[in-house]
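Asks: Pasting a structure here, questions to come.
The values are calculated or read from the model by the stated rules, or taken from the named source; none is laboratory data. Small disclaimer: the values here were computed from a predicted structure and weren't measured. Please note: Cβ atoms are built from the backbone with ideal geometry, for glycine as well, and neighbour counts cover all protein chains shown. All accessible areas refer to the heavy atoms of the entire protein, side chains included, with ligands and DNA or RNA removed. Shrake-Rupley method; radii C 1.70, N 1.55, O 1.52, S 1.80 Å.
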Number of protein chains: 6
Amino acid sequence: MTHTSDIVRPPKELIEGLSHISSATATGELSRLGVRSAHITGPRSFTPGKSVVGPALTLQFMPKREDLYGESEYTDPEKQLHRHVLYHTQPGDIVVVDARGSMNSGIFGEMMLTYFKGRGGLGVVIDGCIRDYPKAKDIGIGLWLKGVTTNYHTQTSLMPFAVNVPVACGDTLVMPGDIIIADDDGAVVVPIALAPQLLEKASEHHEWEEFSKLKLSEGGDLRKYYPLREDARAEYEEWRKNQG
Amino acid sequence: MTHTSDIVRPPKELIEGLSHISSATATGELSRLGVRSAHITGPRSFTPGKSVVGPALTLQFMPKREDLYGESEYTDPEKQLHRHVLYHTQPGDIVVVDARGSMNSGIFGEMMLTYFKGRGGLGVVIDGCIRDYPKAKDIGIGLWLKGVTTNYHTQTSLMPFAVNVPVACGDTLVMPGDIIIADDDGAVVVPIALAPQLLEKASEHHEWEEFSKLKLSEGGDLRKYYPLREDARAEYEEWRKNQG
Amino acid sequence: MTHTSDIVRPPKELIEGLSHISSATATGELSRLGVRSAHITGPRSFTPGKSVVGPALTLQFMPKREDLYGESEYTDPEKQLHRHVLYHTQPGDIVVVDARGSMNSGIFGEMMLTYFKGRGGLGVVIDGCIRDYPKAKDIGIGLWLKGVTTNYHTQTSLMPFAVNVPVACGDTLVMPGDIIIADDDGAVVVPIALAPQLLEKASEHHEWEEFSKLKLSEGGDLRKYYPLREDARAEYEEWRKNQG
Amino acid sequence: MTHTSDIVRPPKELIEGLSHISSATATGELSRLGVRSAHITGPRSFTPGKSVVGPALTLQFMPKREDLYGESEYTDPEKQLHRHVLYHTQPGDIVVVDARGSMNSGIFGEMMLTYFKGRGGLGVVIDGCIRDYPKAKDIGIGLWLKGVTTNYHTQTSLMPFAVNVPVACGDTLVMPGDIIIADDDGAVVVPIALAPQLLEKASEHHEWEEFSKLKLSEGGDLRKYYPLREDARAEYEEWRKNQG
Amino acid sequence: MTHTSDIVRPPKELIEGLSHISSATATGELSRLGVRSAHITGPRSFTPGKSVVGPALTLQFMPKREDLYGESEYTDPEKQLHRHVLYHTQPGDIVVVDARGSMNSGIFGEMMLTYFKGRGGLGVVIDGCIRDYPKAKDIGIGLWLKGVTTNYHTQTSLMPFAVNVPVACGDTLVMPGDIIIADDDGAVVVPIALAPQLLEKASEHHEWEEFSKLKLSEGGDLRKYYPLREDARAEYEEWRKNQG
Amino acid sequence: MTHTSDIVRPPKELIEGLSHISSATATGELSRLGVRSAHITGPRSFTPGKSVVGPALTLQFMPKREDLYGESEYTDPEKQLHRHVLYHTQPGDIVVVDARGSMNSGIFGEMMLTYFKGRGGLGVVIDGCIRDYPKAKDIGIGLWLKGVTTNYHTQTSLMPFAVNVPVACGDTLVMPGDIIIADDDGAVVVPIALAPQLLEKASEHHEWEEFSKLKLSEGGDLRKYYPLREDARAEYEEWRKNQG
């Protein structure tokens, strides 16, 4: 019987903390921590308004080779590895798939995604497509995809190959158990070892930003209000006091 | 005067039958009938929620050659072949265009699409763009496109070349009179000779799928409910009885 | 201190006149005036329904070279040229950015775009991405982009290089001070010297088009109603009289 | 039995005349005759030093559809259309193939190309690949290709579809019977109707070019010698006299 | 200390047998054995005339992540995995590298390739580039590459990640220990389990092919000589007798 | 009359010193000096064996806009800016062209390149093509190109726009007066301010490399000989003594 590894999940507090950080803030801070680009380039939100944070289960596809992936796969569903990654689902998990950029392979369909949701899954990030999008978009999970297709996962040139191994998704390395932050700007991988530092850094936000945004929206001077210049500080303090 | 061929339209019952099949089901069954990928890759829905089934009128564009497509085309509209494909429109028809993937050529605009709708046309599948999208999206036909553009059809590098001939659209061959099934997952070509078999195959659906989906959404075991395992059959029969 | 040039803005009447012309009409008429394709290919509307007309401020990015764009840029915001193009903003302006097609660089974020809006800016056309899209889409300016990203502008391979110089955006040359017309079909550059001619040409519209569209939508003959044939003119005149 | 049309071949004198014109001169003059770009972009010379001029036999490939191109094709070679285009070969002919840019399909192999050479064929221009290149390069015909591959023509996603029909090769339309001029700069299509004009134009060459080239190679002033300026004419006449 | 697995090498007779088969024959026969395309698409010969057959050592690159591949790698060469794949070299081996198609990373340079040659290595197949090509081309090993570059392997966006694991090279799966056949047509992977069958199939060649080629080169009828028709058999037998 | 700026040329000694450094060494050392990738990606050598070092004259092309680049350009050659960059040629110069990657525009032809050679020019690096390659390859200058074409420079979609301004070539910024090092591995830009440091760094080469290469070619242990391990030093010293 097929056996695949599970991942180590991060402390709940870490996830909770990171859930207040946008993907844009995350990649920016990570770049200052030395990771040039944590952005998973390619997959974009197909569920506008949805944002998720959670650990990554990973699924790797490889170019199909008919001597290794034959007809028998269809007769025994348990040999289909794209099912196995979902078996590991715990509440809060996110599935990251290296689908090799294929626009012709629908990695998951309605039934798989329904099961994933039923198990508490939050979202999927795929360097490729799903199918059954008309129904999948309403299941309640977040979808970051390159597109949608009519085809099933192994119909043309791919086959599922490994579960919870390091994968390249959107030209970015994702290790099983890394944390994913995804919203309408896209998806970002947070290396698990850097997650605590990111949380710390991202929490040092500037209290005056709200004030600055207000002033800018009223036609205020960018040089004065962003970043907040010394001679605007008094005005900011005044405003802050009035906010109560 | 320019003359172009019409297509042979399939029996109404065939279209009616296929109209209950999704594009995802169609390409999956066709792959089991031997057609590796019936998916027209590239064009995606620009009219979300819309789904159509009907026979294909086809229009082929070629790279423009100024010695063959000169200024005179503008003075005599009847020489413009993209009009001729529309002359053949009968209620239920779908127009498939090989626009060579161009993002700079708006194959049809508001007036052409309004005429197409007036004649009973259902939708267009274009390996390229239309223009006048702000208005076209509300005409009531389905649009499967690669994008939209400001340019008219022959403005840059294309010219209409032939009507109701075999065309390559989205790297898939479409013969005039083949059947198109298109929805939010994309567009699929059903070879006319395989349509009856597809209809038969696709009708053998599993009655237990609704039940399985329900169980999965409640956190049920994928191995048990999809596909339905022997030891879940009693539970299913019970549920079915209760459905009345 | 960094100094960048401003642009010459066109007469208000010219902008007002052009604001009644769609991007599709503009590129079509410009092609008849000799400009093969005025379409800025690539950027598409990320604010559906929005349309803008105004003069172009321009911003040029170049491939980052670390010897020219170092860490010091971050310590002195005034050295960041993407701020400077916004300093020139006057009510009605549009910013056009050559972002070299990068999908990994968010040219502007929420604060910059808020400032731009505060100064009266109408829209941005970028051969690339912005970030903070979840908030940016509601600021009230029009956005024509290739996509969105989590990354900030200089995070990966670009650096801002020049303001209000000629730029290539979407494979189309835009001179500072040219006029941009953008709507859901895309963005078009109107060379400032051709703007008066375009206005004149585009104003010669056919009064019968509304009538023709009505007839086509009712299944009328394309050959008879578009363009309006001699033998349909009486019918049109009758219709027009009844319109009151 | 499969029947395909032959082409009309141009007068020998026309071919003979054009054989003194380079592909670069041809496309330049054709652009002045109104054809924007007669360059077949993509295929490049795989037989350096070889140059050919002759009429085009054409072969069109289409995306493979297994319901139309099945196993039976292999059992009856006569059904394979890529053989049929070669049956039409007359001495001096050139075969132009629309292989849809495929890098995975070897249109012809050693045996087919040997037969083509045996019949007097001069060269092939393919928007794709051949196979058996190690031997094919020495057969004695000119090869303009995108690359070479190990695969045979119908191994992956293509099937031969029509012979001596209009084809798009390298984003350029080639009509059967048009003339091809190909050398190390690439391949150019000469529309048959424009061939006499091209011949006339291209023959008006400047006698002073040889002189100018000599002077430039010696460090002469570009402004003075190219094009030849009035004040250099005496020097040229002197040089010419000395040439004898 | 870093440890990586070795591969199982095939019997010498198998390699010897396959060394008489061209890459074109191999992929053709493999397609008849069920492997759609064994062609490693992308890498092409940079050492014309060279052909090699041998078992595959594999090296996998991943997108660089600075938290996992830092400066320390440079101080301890033993941490650089691209060295480790070469440590396994035995006479007759071929190295296959998944370099993710990068045109900016020179996987090996002169010193590494010299060592590989010294150990008996035959060739490298890289879905990317090498550097030091001016010298590397003369070392005596076969090179199948996408191109050459000035950059070293980890200079931009890649890092070596694993040795002798399954890799995707040129959109084709290569398992460690599979056999590579490469020549001027390109490189092909022979799944080790299919190698004996391939050897058997490919050995059933047609003795009349040499005769047919001769006849075709003299203008003989393709229909008669390829494949050899019944009525040409006597002529062939005669020719064969005369060959002695 | 058109006026364009000249560049400041570096001291002869600097060029002389750098002429002993390969492009591979240069980009490697520059990366250690902080420039991530100095490689001009895309253009490759079309004159194998040729290597050049010299200061960069630059030429910028822009997308053609017919209102700015009309027919009159042909009547007055002095308005053609691609001539002007060549007017600045001094012995040892290299021309770098941003041709926007076009495969349809031949930036220079035989006459221009002959003039460039006559003036002492060493080579051209073009993010695009030249034409007249059959003759140009023998003029004696180095050519780093993306390809060759039949078309002239302004035939399709480009126009020359500026001379000796900063250009992006192969996704790398080149400032006029920077130094280019180009050989069979490709072309590298050396920022002029870093050139002395590069020279210093690159001169610290390891004397034992020749010895190591010899040992590796004889099957020596990579761990022992590259880099040279302590316990191999005695052997090296011995070898060196014997070299005399």
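Asks: When Rg is the radius of gyration of the Cα atoms in the range C:41-172 and Rh is its Kirkwood radius, what does Rg/Rh come to?
Replies: Looking at the range C:41-172, the ratio lands at 0.93.
Asks: Something else: Using a simple charge model, +1 on the beta-carbon of Lys and Arg, -1 on the beta-carbon of Asp and Glu, nothing else, what dipole does the protein assembly as shown show about its Cα centre, in debye to the nearest 20?
Replies: Computed charge dipole of the protein assembly as shown: roughly 0 debye.
Asks: At q = 0.22 Å⁻¹, what is the log10 ratio I(q)/I(0) for the range C:124-244, with the Debye formula run over Cα points and no solvent?
Replies: The calculated log intensity ratios at q = 0.22 Å⁻¹ are -1.25.
Asks: Moving on. If the limit is 21 Å between Cα atoms, which of A:Lys137/E:Lys64; D:Lys137/E:Lys12; A:Lys224/C:Lys64; D:Lys64/E:Lys201; F:Lys12/F:Lys201 go over it?
Replies: Numbers: A:Lys137/E:Lys64 33 Å; D:Lys137/E:Lys12 32 Å; A:Lys224/C:Lys64 28 Å; D:Lys64/E:Lys201 26 Å; F:Lys12/F:Lys201 19 Å.
Where the Cα-Cα span goes over 21 Å, the pairs concerned are A:Lys137/E:Lys64; D:Lys137/E:Lys12; A:Lys224/C:Lys64; D:Lys64/E:Lys201.
Asks: Threshold 20 Å², probe 1.4 Å: give the residues of the range D:28-44, in number order, that are less accessible with all protein chains present than with their chain alone.
Replies: D:Ser31, D:Arg32, D:Gly34, D:Val35, D:Arg36, D:Ser37, D:His39, D:Thr41, D:Arg44
Asks: Further question on the same structure: Which three extents, in angstrom, do the Cα atoms of the range A:1-79 have along their principal axes, listed largest first?
Replies: For the range A:1-79, the Cα spread along each principal axis is 48, 29, 28 Å.
Asks: On to the next question. 7 Å along Cα→Cβ for the label point: how many nanometres lie between A:Pro227 and each equivalent label in the other copies, listed shortest first?
Replies: 3.9, 6.2, 6.3, 6.3, 7.8
Asks: Could you tell me what percent of the DSSP beta bridges with both partners in the range F:108-175 are antiparallel, to the nearest 5?
Replies: 40
Asks: What accessible area, summed over both chains, is buried at the E-F interface (1.4 Å probe, Å², nearest 100)?
Replies: Between E and F, the summed buried area is about 2300 Å².
Asks: Something else about it: Sum up the charges of everything whose Cβ sits under 13 Å from the Cβ of F:Asp221, counting Lys and Arg as +1 and Asp and Glu as -1, but leave F:Asp221 out.
Replies: Charge balance in the 13 Å sphere: +2.
Asks: Then there's this: Please report the carbon-and-sulfur percent of the accessible area for the protein assembly as shown; probe 1.4 Å, protein heavy atoms only, DNA, RNA and ligands left out. Intermediate results must be reported in sequence, preceding the final value.
Replies: Working: 27810 of 56050 Å².
Carbon and sulfur atoms account for 50 percent of the accessible area of the protein assembly as shown.
Asks: Pull out a ≥ b ≥ c, the square roots of the eigenvalues of the alpha-carbon gyration tensor of the range C:98-180, then state rounded if a/c is under 1.5, prolate if not and a/b is larger than b/c, and oblate in the remaining case. It would help to have the intermediate numbers written out before the result.
Replies: Working: a/c = 1.68, a/b = 1.10, b/c = 1.53.
Cα axes put the range C:98-180 in the oblate bin.
Asks: In a GNM of chain B with a 10 Å cut-off on Cα contacts, which of B:Gln60, B:Gln90, B:Gln155 has the highest mean-square fluctuation?
Replies: B:Gln155
Asks: Given R₀ = 45 Å, what would the calculated FRET efficiency be for C:His3 paired with F:Asp76, taking r from the Cβ atoms and rounding to 0.05? Intermediate results must be reported in sequence, preceding the final value.
Replies: Values: r = 35 Å, r/R0 = 0.77.
Computed FRET efficiency for C:His3 and F:Asp76: 0.85.
Asks: Using a Gaussian network model on chain A with a 10 Å cutoff between Cα atoms, which of A:Pro176, A:Pro63, A:Pro191 fluctuates the most?
Replies: In the Gaussian network model the winner is A:Pro63.
Asks: Place the label 7 angstrom along Cα→C-beta at B:Ser19 and in each other copy, then list the distances from the first to the rest in nm, shortest first.
Replies: In nanometres, ordered from closest: 4.6, 4.6, 6.4, 6.8, 8.0.
Asks: For the protein assembly as shown, what is the accessible area per residue in Å², given a 1.4 Å probe and the full set of protein chains? All intermediate terms of the calculation are to be shown ahead of the outcome.
Replies: On the way: 56050 Å² over 1464 residues.
Accessible surface, normalised per residue, equals 38 Å².
Asks: At a threshold of 8 angstrom on Cα-Cα distance, excluding pairs fewer than six apart, so keeping six or more, what relative contact order does chain F reach in percent?
Replies: That works out to 28 percent.
Asks: I would also like to ask the following. If we hang a label 7 Å off Cα along the beta carbon direction at A:Gly244, how far is it from the matching labels on the other copies, in nm, shortest first?
Replies: So the distances to the same position in the other copies read 5.4, 5.4, 9.8, 10.8, 11.3 nm.
Asks: Another question, if that's okay. What pairs in E:Lys215/F:Lys135; A:Lys241/C:Lys117; A:Lys146/F:Lys50 have C-alpha atoms more than 32 Å from each other? Intermediate values should be presented prior to the final figure.
Replies: Details: E:Lys215/F:Lys135 38 Å; A:Lys241/C:Lys117 27 Å; A:Lys146/F:Lys50 44 Å.
Among E:Lys215/F:Lys135; A:Lys241/C:Lys117; A:Lys146/F:Lys50, the Cα-Cα distance tops 32 Å for E:Lys215/F:Lys135; A:Lys146/F:Lys50.
Asks: Would you mind counting up the charge near D:Gly147? Only other residues with Cβ under 12 Å from its Cβ, with Lys and Arg at +1 and Asp and Glu at -1.
Replies: So the surrounding residues net to +2.
Asks: Next question, about the same structure. How about the range F:142-244: which GluC sites (Glu not before Pro) there lie in a loop by DSSP and see at most 13 other Cβ atoms within 10 Å?
Replies: Filter output for the range F:142-244: F:Glu204, F:Glu207, F:Glu218.
Asks: Highest mean first, what order results for D:9-16, C:28-35 on Cβ atoms within 10 Å?
Replies: So the order, starting with the most tightly packed, is C:28-35, D:9-16.
Asks: Additional query: Given a Förster distance of 30 angstrom, what is the FRET efficiency for D:Asp138 paired with E:Arg32, based on the Cβ-Cβ distance and rounded to 0.05?
Replies: Working from the Cβ atoms, E equals 0.60.
Asks: Same structure, new question: Mind checking the mean number of beta-carbon atoms from other chains within 10 Å of the Cβ atoms in D:101-110?
Replies: That works out to 3 on average.
Asks: In whole Å, what are the Cα extents of the range E:89-145 along the three principal axes, biggest one first?
Replies: Taking max minus min along each principal axis of the Cα atoms, the range E:89-145 gives 28, 21, 14 Å.
Asks: Under a GNM of chain C (C-alpha, springs under 10 Å), which listed residue has the highest mean-square fluctuation: C:Leu57, C:Leu194, C:Leu143?
Replies: In this elastic network of chain C, the residue with the biggest mean-square fluctuation among C:Leu57, C:Leu194, C:Leu143 is C:Leu194.
Asks: Give me a single rounded figure for C:116-125: the average over its residues of other chain Cβ atoms within 10 Å of their Cβ.
Replies: 2
Asks: Now for a different question. Stick to the Cα atoms of chain C, pair each with every other, and give me the Kirkwood hydrodynamic radius in Å at one decimal.
Replies: 19.4
Asks: Hey, any idea what the orientation-averaged projected area of the convex hull of the range D:141-183's Cα atoms comes to, in nm²?
Replies: In nm², the orientation-averaged hull projection of the range D:141-183 is 4.3.
Asks: Threshold 20 Å², probe 1.4 Å: give the residues of the range D:188-227, in number order, that are less accessible with all protein chains present than with their chain alone.
Replies: The answer is D:Pro191, D:Lys213, D:Leu216, D:Ser217, D:Gly219, D:Leu222, D:Arg223, D:Tyr226, D:Pro227.
Asks: Taking every alpha carbon pair in the protein assembly as shown, what does the distance histogram look like in 10 angstrom bins from 0, in percent?
Replies: 1, 7, 14, 20, 23, 19, 11, 4, 1, 0, 0
Asks: How much net charge surrounds F:Leu113 when only other residues with a Cβ under 9 Å from its Cβ are counted (Lys, Arg +1; Asp, Glu -1)?
Replies: Numbers: positive: F:Lys117, F:Lys135; negative: F:Glu110, F:Asp132.
That sum, taken over residues with Cβ under 9 Å, equals 0.
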